[in-house]
Amino acid sequence: MIDEKFEEEMSSRRRNIREDNFQFLDEALERFKNSDDYKIYLEIKETPQYKQLKSEKMPELSTDFLGRLRKIDDRMKEMAGSSKFLISLIEYGYVKEEDGQYSMQSVKTYDFDNIYNVLEIKRNFRDFEGIILPNGKYIPAYGGHHLLCGYCSMLGLDTRTCIRTLDLNGDFQFDDISTSYMDMEKPLIVTNEQAETLYKMAISKSGSADICKILKTSLQYHCKSCFNPNIRKRNLLTFEEVLPDKVDAYDILKEINTSERIERAVAQAYTK
């Protein structure tokens, strides 16, 4: 097994940008290759269940893959945090494995002005879960946001200024990067490019988008850093600037404030 001290170091590096993170990950993969965890991993890869799972026509990098893989062999449950992280990087394609050698892959970004990019995402990653960089480029979160953010940290790509996109029971929403993914203090300040991409994503996902509903729900319930009224106002004004015929910042703020006052009043009534 990979020792506890090493796991703590890996966890810390996933949450922070350090100059030698890339080198650390490279060394971690080599260490994993010489561990008992790796032997177990190789045994599992030879099972008929694993081979059948890999041949299924889901998207190839489906987010439930590791969960299903662990059910194939209970020994996977014994694997510690850093081993699961390294296995996840391999299984979801962030790290390429060839003849027992590993190489880190750069994360692919998508431009929602490019129809071929949009079609590729809709075909392979229907939920549109990922992150939007400050320049408006989109990265799908194969294996989940936690895995993507950790890998980006290893590559030196800071995700703390990114919008996190997610699908909640069919409803497209956005959020800030959770503090469980990254050590962060600054609030989410949406850029014009991020606002444009978010709207294009919402349209691409369903053919139409109630952008006001998306903004209201996201800023009221999801973006923890945007609970601050001043941050909310600033971000809504950005969306209004980008989408002047679709967004009225003050109308949305008024709805959010009214809704929150009602919720507080109801909560107080039930606590008396």
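The values are calculated or read from the model by the stated rules, or taken from the named source; none is laboratory data. Source: prediction; values computed, not measured. Please note: Cβ atoms are built from the backbone with ideal geometry, for glycine as well, and neighbour counts cover all protein chains shown. Surface accessibility is based on the protein's heavy atoms, side chains included, excluding ligands, DNA and RNA. Shrake-Rupley method; radii C 1.70, N 1.55, O 1.52, S 1.80 Å.
Quick look at the values:
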quantity	calculated
Area of K233 that stays accessible when all protein chains are in place (1.4 Å probe, Å², to 10)	80
For region 118-213, accessible area per residue (1.4 Å probe, heavy atoms of protein chains only), Å²	40
Projected label distance in nm at L237 and K213, using a 7 Å step from Cα toward the beta-carbon	2.9
List L168, L253, ordered by accessible area with a 1.4 Å probe, largest first	L168, L253
Surface accessible to a 1.4 Å probe, Y199 within the full protein complex, Å²	40
Label point distance in nm, Q49-N257, each placed 7 Å from Cα along Cα→Cβ	5.7
By accessible area with a 1.4 Å probe, ligands and nucleic acids excluded, highest first: order of C226, C212	C212, C226
By accessible area with a 1.4 Å probe, ligands and nucleic acids excluded, highest first: order of R232, R160, R123	R123, R160, R232
Listed residue (A265, S83, S153) projecting farthest to the positive dipole end of the chain, Cβ model	A265
Percent of alpha-carbon pairs separated by more than 17 Å within region 89-144	44
Shape of region 90-235, Cα gyration tensor, a/c cut at 1.5	oblate
Order by protection proxy (mean Cβ within 10 Å, highest first), peptides 181-191, 97-107	181-191, 97-107
Whole-Å semi-axes of the chain's equivalent ellipsoid (Cα gyration tensor)	37, 21, 19
Accessible surface of S206 - all protein chains present, 1.4 Å probe, nearest 10 Å²	80
